[in-house]
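J.: Below you'll find the structure I mean.
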């Protein structure tokens, strides 16, 4: 699935399950997803990398540009995998369509496995983690990103997003990774930086409130301009106050 057709495929539609680049009203969510890739970019240099649940595929290019020797994207949806391959496929970047619990890779095939905004969609989390660990060499790194249940679906164990099976707190995510036999588990949090934080301070409400309760045509002009201008630089990754984080970024090693 690495061949690139002469005519590029049209952009993937928004479904509520994934984010895509190039949509101004989606720029906040897209930038928030890019943060995870930028966080692990240094680990990709010189590495064989798997992006498990690559979605639209923008992360493949980010990882390749960070110096990965080879990047494999995997996604279970045929149309999504074909789009990722046709849009981002190039020498050293390939995409496979498969179930993540049945990855068509050899044992110890990669040095770094990333799986961002995926674990919350998975029914069999232990099987999923075992599959990712199997294809990652001993001593290799596994990196996950997922929404923080305490801020994404506050006050409930039932995810507000209908595509999510289970969301995690930082402590719950650590417990799952350690139960899978992974070691050196570290969890950091993605939080708003100064620009968005100031807006929240002045308005007295979370920035995402309007995003989740109003349609874009209902947003104030100043709010829309900020959404459209949001980049990964508008977020910080920190080990402070994890329970207040927007998303959780976990890294661990395969023993």
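J.: Given 5 Å bins starting at zero, what is the percent of C-alpha pairs of the range 137-199 in each, up to the one with the largest pair distance?
T.: Pair shares across the bins are 3, 14, 22, 18, 18, 14, 7, 3, 1.
J.: Quickly rank 124-137, 204-217 as a protection proxy: mean count of other C-beta atoms within 10 Å, highest first.
T.: Order by mean packing, descending: 124-137, 204-217.
J.: Let me ask something else. Rounded, prolate or oblate: pick one for the range 6-156, where a ≥ b ≥ c are the square roots of the eigenvalues of its C-alpha gyration tensor, a/c under 1.5 means rounded, and failing that, prolate if a/b is larger than b/c, else oblate.
T.: rounded
J.: On a C-alpha basis, how far is the centre of the range 34-67 from the centre of the range 193-218 in Å? Whole number, if you could?
T.: 29
J.: Turning to a different aspect of this structure: First obtain the Kirkwood hydrodynamic radius of the range 57-121 from its Cα pairs, then insert it into the Stokes-Einstein equation at 20 °C and 1.002 mPa s, and state the resulting D in µm² per second as a whole number.
T.: In µm²/s, the coefficient rounds to 174.
J.: Separate question: Residue 195 versus residue 41, label points 7 Å from Cα toward the beta carbon: distance in nm?
T.: 1.6
J.: Something else now. What Kirkwood Rh does the range 16-64 have if only Cα atoms enter the pairwise 1/r average? Answer in Å.
T.: For the range 16-64, inverting the mean 1/r across all distinct Cα pairs yields 11.6 Å.
J.: Running Debye on the chain with equal point scatterers at the Cα sites and no solvent, what base-10 log of I(q)/I(0) appears at q = 0.11 Å⁻¹?
T.: After summing over all Cα pairs, the log10 values are -0.58.
J.: Now for a separate question. Mind pulling the per residue volume of the convex hull built on the Cα atoms of the range 144-246? Å³ is fine.
T.: Measuring per residue, one finds 124 Å³ for the Cα hull of the range 144-246.
J.: Bin width 10 Å, alpha-carbon pairs only: give the P(r) of the range 194-255 as whole percents, running from 0 to the bin holding the largest distance.
T.: It works out to 17, 46, 25, 8, 3, 0, in whole percents.
Rule-based calculations on the coordinates, nothing more; no lab input. Quick caveat: nothing in here was measured; it's all calculated off a predicted structure. Cβ coordinates were reconstructed from backbone atoms using ideal geometry, including for glycine residues, and neighbour counts include every protein chain displayed.
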